[in-house]
Amino acid sequence: MAAPGAIAALQSAFPRDQIALPGTEQYTTWNGSYLAQQESEIEPTCIFRPKSSEQVSQLVRLITPFAVSGETPFAVRAAGNMPLPSCANIEDGVTLDLTLMDIVELDIDKGLVRVPPGAKWGAVDEVVQAAGLGVCGGRSGKGGIGGLALAGGLSFFSSREGFISDNVVNFEVVLASGDIVNANAGENQDLWLALKGGSNNFGIVTRFDLQTFSQGPFWGGNVYYFPQNLPTQLDTLTTKLNKPIHEQDPDTHIMISFGYASQFKANMCLNTVYYTKDVTEAPPALAPFTNIQPQVQQLNSLKRLTLTEAAVGQAAGVSNQVRCSYMNTTVRADASTLKSAADLYTTGIAPLQESVAGLVCSLTFQPYPISLLRASVAKGGNSLGLDPEVPAVSVLLLTYWASRDDDDRVNETFKGILEAIQGVAAEKGTALDYVYLNYAAAFQKPLDSYGQENKRKLQEVSRKYDPEGLFQKGVPGGFKLF
């Protein structure tokens, strides 16, 4: 149980309507608003919703003695979309919920959009789109910035602009001392680089300043087709990724998913494709991914659309309060490896299909083309450790299900599938170390996957800006450096 003194101190320092305690309607509502049910089943002693960076600073100064001692640990929540239990909530501690910090501001003169951690990407898109601009942000309008921009993150524009983290030109951060500082290429540069992949290990980011660019309508959507055509699509994807850079089109964005839904009792394939220039039909670079036959035409959504429309489309399949699990690995752009992954996935999920209520699962391939990786370097680099000259593919296993009784079986099954995929990739010489942090399961070690030297640098930054280890010991959720 959290130290009574810590809770009393919060109640004395902040307005009562910003604090929720167990047994109140406000607490039930706030704690029940995570994407994953597993996070809402965790019960903090107190939830605090600050309205400003200054209030976050005040909270950090107030709670540090209790948190470092282990009496009252705390968690930091932005949108609450990451399904890893305890990453943004904490049992018997204080959850710092940044939801109320959500006012997006556009700085036209500097070409920046200033985004607080409680904002959703849909709101960011509306602000930049109204000015004829775009931003390298989350694809789902329901997604939040807080966790995504601290872990890498993919955007519709990533093939051209790099990861989402690469486009943050400045972080405003509350340090363990309570000081509010900026981290950018000219000020606290080591912290700036560490935050581009280092997650919640260095402080609480209270504002993200992202670069904008001119952007009008573009083209894209979903194409549904049948599993017999998946091998050909994987051949096409890897051939595209392995072409010389001058033959690739950085305005393309592609995801290939192979999924199962219990309500349909069938496997189905989905290509999610976007071309970020203003065209009215599939450009040649995407035609192989949109012209597959046969298709399920009534489910397709290809069209000319705006940034906000694209984000709404990507959010359509996102539901709060479901049992959810992610896990992932990364491989070289090799068709044989991806086909083996699909085979292992098909075989692995078969025992669950008739026995797990509400099962919805997918195997999703998301490419990291050389154009993306080089853009990361050009924008100052990050902490992820990916080789800019090695085209890669993220392999994501995403699962939803209905009953807590199935948790262990579902998680163990998909862990087994992932380990089998990693084993095949190792045999083929196509395995890569990198694990995307926001898709990682509790048994994975994404910070280790950045490489020994990158992790050492992250640990140095942690010791420099957080010498007492507040964000290692006092904020135990997520993936830690020590």
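The values are calculated or read from the model by the stated rules, or taken from the named source; none is laboratory data. This one's a predicted model, so the numbers in the text were calculated from it and none came from an experiment. Cβ atoms come from the backbone with ideal geometry, glycine included; neighbour counts cover every protein chain shown.
Before moving on, here are some points about what is shown:
- Scanning region 14-49 for residues that are in contact with a Gly (Cβ under 9 Å, 6 or more places away or on another chain) and either surrounded by fewer than 16 Cβ atoms within 10 Å (Cβ to Cβ) or under 21 Å from Lys142 (Cβ atoms) (or both) gives Ser33, Tyr34, Leu35, Ala36, Glu39, Ser40, Arg49.
- Odd one out for Ala67 among (1) modelled with pLDDT under 95; (2) among the hydrophobic types (A, V, I, L, M, F, W, C); (3) more than 22 Å from Tyr34 (Cα to Cα): (1)
- Members of region 278-326 found to be part of a loop (DSSP other than H, G, I, E, B) and touching an Asp or Glu at 6+ places or on another chain (Cβ under 9 Å), listed by number: Pro283, Pro284, Ala285, Leu286, Leu302, Thr306
- For region 164-189, filtering for residues that are part of a loop (DSSP other than H, G, I, E, B) and over 11 Å from Gly137 (Cβ atoms) leaves 9.
- Number of positions in region 320-342 that are touching a strand residue (DSSP E or B) at 6+ places or on another chain (Cβ under 8 Å), of a type in the set (Ser, Thr, Tyr) and under 11 Å from Val395 (Cβ atoms): 3
- Filter result for Ala333 (in contact with a Gly (Cβ under 6 Å, 6 or more places away or on another chain) and within 30 Å of Val435 (Cβ to Cβ)): no
- The set of residues in region 430-479 being part of a helix (DSSP H, G or I), surrounded by fewer than 18 Cβ atoms within 10 Å (Cβ to Cβ) and of a type in the set (Lys, Arg) consists of Arg456, Lys457, Arg463, Lys464, Lys473.
- Scanning region 325-342 for residues that are surrounded by fewer than 19 Cβ atoms within 10 Å (Cβ to Cβ) and among the aromatic types (Phe, Trp, Tyr) returns no hits.
- Taken over region 313-324, residues that are buried (at least 16 other Cβ atoms within 10 Å of the Cβ) and out of contact with any helix residue (DSSP H, G or I) (no Cβ under 6 Å at 6 or more places or on another chain) amount to 5.
- Highlighted here are the strands (runs of 3 or more DSSP E) found entirely within region 204-263 that include at least 1 residues which are within 24 Å of Ser336 (Cα to Cα) and not hydrophobic (A, V, I, L, M, F, W, C): 218-225, 252-261.
- Where strands (runs of 3 or more DSSP E) fall wholly inside region 64-151, the ranges with 1 or more residues that are buried (at least 20 other Cβ atoms within 10 Å of the Cβ) and not charged (D, E, K, R) are 74-77, 94-97, 112-115, 133-135.
- The number of residues in region 1-33 that are more than 19 Å from Glu43 (Cβ to Cβ) and not in a helix (DSSP H, G or I) comes to 2.
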